[in-house]
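Asker: Take a look at this one; I'll ask things after.
The values are calculated or read from the model by the stated rules, or taken from the named source; none is laboratory data. Every value quoted in this text rests on a predicted model; they were computed, and no experiment measured them. Please note: Cβ atoms are built from the backbone with ideal geometry, for glycine as well, and neighbour counts cover all protein chains shown.
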Amino acid sequence: MTPLETRREVILHVARRAEDLGYDGFFLAEGWSPDAAVLLAEIATKTERIIIGTGVLSVWGRTAGTLAMLATSLDQVSHGRFVLGLGASSPQLVEGLHDQSFTAPVAKLRAVTAQVRRLRDGERVHPTATHDHRPLRLGVAAHTGLPIYLAGLGNKDADPHPPTPPHRTSAELDYMLETMRPHP
């Protein structure tokens, strides 16, 4: 077995064992390792009860559209047991792997989370890069209420260049948590 196959087998075993032991959830992180969504899809087919989730996906590694499609697919494959975990990541991962500039991470996390939520709710997302294209929505039925967990390293680490006043980052996080709660 290759190291990648061995890692996959270990992850699958741990997920099944966690379910057998009565754990409520199994969350899989993603950094510069195998794609978490692919492994979670396989875990969803090999478990029955345990909640599965991303813990966490970087909002720099996928667009809001691909995150919404990923969430929709994993929610369907897991029969409603999926939780989407999103985070702003770190400068090293964003710049060193995704070749993106790590600027305004809190604003990026807020914008992507809002777009994912709108797409899952069946709404159209208006493009921000250009105004020459028609806003699109997902080609699946709307599904509100998908839990989205947000991750952060703390106020000091949320923005490497905090704006003035210095408490704006904290207020932005509070606003995000308030407005991103699951819909009834």
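Asker: Just to be sure before I move on: is residue 83 β-branched (Val, Ile, Thr) and under 19 Å from residue 152 (Cα atoms) in the structure I sent?
Answerer: Answer is yes for this residue.
Asker: Are any residues in the stretch 53-76 over 17 Å from residue 115 (Cβ atoms) and within 12 Å of the chain's Cα centre (by Cα), and if so, which ones?
Answerer: 53, 55, 74
Asker: Would you point out which residue out of 173, 150 is within 17 Å of residue 89 (Cα to Cα), at pLDDT 55 or above and not in a loop (DSSP other than H, G, I, E, B)?
Answerer: 150
Asker: Residues in the stretch 155-168: is at least one modelled with pLDDT of 50 or more and not β-branched (Val, Ile, Thr)?
Answerer: Yes, because at least one residue in the stretch 155-168 is modelled with pLDDT of 50 or more and not β-branched (Val, Ile, Thr).
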